[in-house]
């Protein structure tokens, strides 16, 4: 378990105790689409979510994590993998309990995730993707030091909208002189 100086800890996701909590964090279809780009059913179902986590674990080595507050209550979720060859870490499926948004939990969870990536998995860079319409998530990522490094125009269609996929990266401070 990794703990922040302030308020959060991260630990591995445990479906038997965490799924029933996090399944209720996304209650609006559009928000669900912004979170997973159609990779799971709406609303989130246990078997479908388990299938998604298994798929990304098999294909990319992703592991799911839960962020907890000082009382051990889950407040955030994300998946992470690292490519040992390229030293690129990848964050996916970041979500925060909507009742806890605006309190700095998302930012703190991302700081812990990045710290874990750099200090424990040897990543030089951590990447993530965010859909262009998800302004709140983009602001949160930028506040932790993620910067834009590319866009896939028209990557996702939701109802009558077409959204771009924005790629963001945070470079480990020890290699800041390297190009992204």
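The values are calculated or read from the model by the stated rules, or taken from the named source; none is laboratory data. A quick note: this is a predicted structure, and the numbers were derived from the prediction, not measured. Because the Cβ atoms are built from the backbone with ideal geometry, glycine has one as well, and the counts that use them run over all protein chains shown.
Before we move on, is residue 105 in contact with a strand residue (DSSP E or B) (Cβ under 7 Å, 6 or more places away or on another chain) and under 15 Å from residue 170 (Cβ atoms)? It would help to see each step written out before you state the result.
Values: in contact with a strand residue (DSSP E or B) (Cβ under 7 Å, 6 or more places away or on another chain): yes; under 15 Å from residue 170 (Cβ atoms): no.
Criteria not met by residue 105.
Residues in region 138-161 that are part of a strand (DSSP E or B) and surrounded by fewer than 13 Cβ atoms within 10 Å (Cβ to Cβ): how many?
Looking only at that region, the number is 6.
Of the residues 134, 172, only one is touching a residue at least 60 places away in the same chain (Cβ under 8 Å) and surrounded by 16 or more Cβ atoms within 10 Å (Cβ to Cβ); which?
Details: 172 fails: touching a residue at least 60 places away in the same chain (Cβ under 8 Å).
Residue meeting the stated conditions: 134.
Of the residues that sit in region 5-26 and are within 24 Å of residue 37 (Cα to Cα) and free of Cβ contacts under 8 Å to residues at least 40 places away in the same chain, which one is surrounded by the most Cβ atoms within 10 Å (Cβ to Cβ)?
Looking only at region 5-26, we keep the residues that are within 24 Å of residue 37 (Cα to Cα), and these are 12-15, 18-26.
Narrowing further to those that are free of Cβ contacts under 8 Å to residues at least 40 places away in the same chain: 15, 19-20, 23-24.
Numbers: 15: 13, 19: 17, 20: 10, 23: 14, 24: 13.
Restricting to residues being within 24 Å of residue 37 (Cα to Cα) and free of Cβ contacts under 8 Å to residues at least 40 places away in the same chain, the top hit is 19.
Cβ-Cβ distance below 6 Å, separation of 6 or more or different chains: which pairs start in region 30-42 with a residue that is at negative phi and end on one that is modelled with pLDDT of 95 or more and in a helix (DSSP H, G or I)?
The qualifying pairs are 39/52; 40/48; 40/49; 40/52; 41/48; 42/29; 42/32.
What number goes with the only condition from (1) surrounded by 15 or more Cβ atoms within 10 Å (Cβ to Cβ); (2) under 18 Å from residue 66 (Cα atoms) that residue 99 does not pass?
(1)
Taking the condition surrounded by 17 or more Cβ atoms within 10 Å (Cβ to Cβ) and under 17 Å from residue 18 (Cα atoms), does residue 82 pass? Steps first, answer last, please.
On the way: surrounded by 17 or more Cβ atoms within 10 Å (Cβ to Cβ): yes; under 17 Å from residue 18 (Cα atoms): no.
For residue 82, the condition - surrounded by 17 or more Cβ atoms within 10 Å (Cβ to Cβ) and under 17 Å from residue 18 (Cα atoms) - is not met.
From the list 26, 7, 21, which one is at pLDDT 95 or above and in a loop (DSSP other than H, G, I, E, B)? Write out each step before concluding.
Numbers: 7 fails: at pLDDT 95 or above; 21 fails: in a loop (DSSP other than H, G, I, E, B).
Criteria check complete, one pass: 26.
Within region 56-64, is even one residue touching a helix residue (DSSP H, G or I) at 6+ places or on another chain (Cβ under 8 Å), surrounded by 14 or more Cβ atoms within 10 Å (Cβ to Cβ) and assigned to a strand (DSSP E or B)? Spell out how you get there, then give the answer.
So in region 56-64, the residues touching a helix residue (DSSP H, G or I) at 6+ places or on another chain (Cβ under 8 Å) come out as 62-64.
Those still in the list that are surrounded by 14 or more Cβ atoms within 10 Å (Cβ to Cβ) too: 62-64.
Restricting the remaining residues to those that are assigned to a strand (DSSP E or B) gives 63-64.
Yes: one or more hits.
Give the residues of region 102-131 that are in contact (Cβ under 8 Å) with a residue 24 or more places away in the chain, surrounded by fewer than 15 Cβ atoms within 10 Å (Cβ to Cβ) and either within 13 Å of the chain's Cα centre (by Cα) or part of a loop (DSSP other than H, G, I, E, B) (or both), sorted by residue number.
Once the filter is applied, which keeps residues that are in contact (Cβ under 8 Å) with a residue 24 or more places away in the chain, surrounded by fewer than 15 Cβ atoms within 10 Å (Cβ to Cβ) and either within 13 Å of the chain's Cα centre (by Cα) or part of a loop (DSSP other than H, G, I, E, B) (or both), region 102-131 yields only 122.
Residue 179 fails exactly one of the following numbered conditions: (1) out of contact with any strand residue (DSSP E or B) (no Cβ under 7 Å at 6 or more places or on another chain); (2) modelled with pLDDT of 95 or more; (3) farther than 25 Å from residue 63 by Cβ. What is the number of that condition?
(2)
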